[in-house]
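Contents: one structure, followed by commentary.
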Amino acid sequence: MAQDTAQQAPAAPATPARKLLPLILPALVVGVMASLILVGVSSAAEELQNVLWEDLPDALGVGRYSVLWMFVVFTSTGVLVGLVVWKVPGHAGPDPATTGLNAPVLPLAVLPGLLLATGLMLAGGPSLGPENPIIAVNVGLAFWLGRRFAPRAPGQLWVVLAEAATIGALFGTPVAAALVVSEALAGQRVRGALWDNVFAPLAAGAAGAITADLLSHPSFDLHLPAFDHPGWGDLLAALVVACVAALLTMCAVRAFPYVHGVFAWLRHPMLALPAGGIMLGLLAAVGGHLTLFKGLDQVAELARDPDGWSAGQFATLTVVKLAALLVAASCGFRGGRIFPAVFVGTSLGLCAHALVPDVPPALGVACGVLGVLLAITRQGWVSLFTAAVLTASPAIVSLLCVASLPAWLLVTGRPQMQLRADGTSVT
């Protein structure tokens, strides 16, 4: 009976090509624009980072990553971002703890302050990435331009195009954008075939990815030792590492509303953000310079010598980075949580390799990142994709798919690392 019903179910009506073709040009324009903004902000932040962490300490004769200098820079970053949130029109957007990859449409006047706060954060060292605020800026700008120059187009079109374009630019491939969009569409009632709905976002994601590739050459491949022939022991290792990563990260997720509540009790950005900076300085003193910044460059440094640290050192890096992510996301720094989560998963996976040398570094890293991202983002496709591209090993994909099942059971239906306006966790 169920089979007959499935056979009789009408197929989704296809969208005529004449309706899809006009979407290509707007998608390409939004894709290039979104990528230019991402690359521009990231490049400016890198230049400021070099000044703060290289030129200034060298000129003053202090160590670049000495405990004293880390305290100075983190506290100063908290003060500067606090001033932006306090005084700049729009207050740098909503509380970042309440936002995710699906950004609200912000007024145009809010965007400059949000960009400034994001650039200062990226340069100053807090453990957050650019994804959430840059997506919000691109969504707001694309929506404003779209309504101005193509008022008949639905407003949601510009939101989806900007999100897909930015994700494509962030990961250097449109595949990530297509996966995010398709996962979002799965929970909505949409008209037409899935590929018709993904067509324009895929074009925007491709334009964003190609532009980023041409300008900044982003790469997630860590060039870890090849993993070619999985065995039964590898399957067990994948299951254990992914589940441990998910459980450890869920401890931070559970603590998120409480830590956020402590900073919210301070009631003013000029108190909460400097306090957060001081706490990040303390954590940096414990974890060292590898636990600073969004984490991608530091992940590459770990991957260059996966046997260069002990299991205890990897465990310290894992816990400190996760705590730094928790503090930075709670106290008001504008940033996203995916990129530092990659560092947490990588260091945890290398810790597993250090404890059990039979666990291949590539397998440990991929499964660690998978478990951490599932707990933080609750987005299966993005988690699988990110874990897979870090190792560039086709043989690992099947193990990741199996490992994702018990890890998903551990996190689904439980709080996410995102809050509602009243401070309670999103589930």
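The values are calculated or read from the model by the stated rules, or taken from the named source; none is laboratory data. Predicted model, so just to flag it, every value in this text is computed and none were measured. Reconstructed Cβ throughout: ideal geometry from the backbone, glycine too, with neighbour counts over all protein chains shown.
List of remarks:
- Lone qualifier among ALA165, ALA142 - being assigned to a helix (DSSP H, G or I) and either within 15 Å of the chain's Cα centre (by Cα) or not aliphatic (A, V, I, L, M) (or both): ALA165
- Qualifying residue in segment 347-368 (condition: closer than 24 Å to ILE135 by Cβ and touching a residue at least 24 places away in the same chain (Cβ under 8 Å)): no
- Counting only residues that are over 22 Å from the mean Cα position of the chain (by Cα) and in a helix (DSSP H, G or I), segment 86-103 holds 2 of them.
- Residue within segment 371-385 that is charged (D, E, K, R) and within 26 Å of CYS331 (Cα to Cα) present: yes
- Residue match in segment 298-319 (condition: in contact (Cβ under 8 Å) with a residue 24 or more places away in the chain, buried (at least 22 other Cβ atoms within 10 Å of the Cβ), not in a helix (DSSP H, G or I) and not aromatic (Phe, Trp, Tyr)): no
- Pairs linking a residue in segment 164-179 that is on the phi > 0 side of the Ramachandran plot to a residue that is in a helix (DSSP H, G or I), with Cβ atoms under 6 Å and 6 or more positions apart or on different chains, are GLY172/ALA209; GLY172/ALA212; GLY172/ASP213.
- Selection within segment 73-94 - without any contact (Cβ under 8 Å) to a residue 40 or more places away in the chain and farther than 15 Å from GLY332 by Cβ: PRO89
- Test: residue in segment 293-316 that is at pLDDT below 90 and basic (Lys, Arg): yes
- Only listed residue being assigned to a helix (DSSP H, G or I), within 23 Å of the chain's Cα centre (by Cα) and not hydroxyl-bearing (Ser, Thr, Tyr), chosen from VAL286, VAL259: VAL259
- Single condition VAL344 does not satisfy, out of (1) surrounded by fewer than 24 Cβ atoms within 10 Å (Cβ to Cβ); (2) in a helix (DSSP H, G or I): (1)
- Residue, surrounded by the most Cβ atoms within 10 Å (Cβ to Cβ), within segment 144-172, restricted to residues that are small (Gly, Ala, Ser) and over 15 Å from GLU131 (Cα atoms): GLY146
- Tally, over segment 197-206, of residues that are under 20 Å from the mean Cα position of the chain (by Cα) and closer than 11 Å to LEU161 by Cβ: 4
- Checked against the criterion of being part of a helix (DSSP H, G or I), of a type in the set (A, V, I, L, M) and at pLDDT below 90, the candidates VAL382, VAL402, VAL369, VAL365 yield just one match: VAL382.
- The listed residue being surrounded by 19 or more Cβ atoms within 10 Å (Cβ to Cβ), among the hydroxyl-bearing types (Ser, Thr, Tyr) and under 23 Å from SER182 (Cα atoms), out of THR99, THR77, THR118: THR99
- Test: residue in segment 248-261 that is aromatic (Phe, Trp, Tyr), assigned by TED's automatic domain parsing to the domain that holds VAL320 and touching a Leu at 6+ places or on another chain (Cβ under 7 Å): yes
- Residue within segment 25-41 that is outside any helix (DSSP H, G or I), within 27 Å of VAL198 (Cβ to Cβ) and at pLDDT below 95 present: no
- When segment 245-255 is filtered for residues that are of a type outside the set (Gly, Ala, Ser) and surrounded by fewer than 19 Cβ atoms within 10 Å (Cβ to Cβ), the ones remaining, listed by number, are LEU247, CYS251, ARG254.
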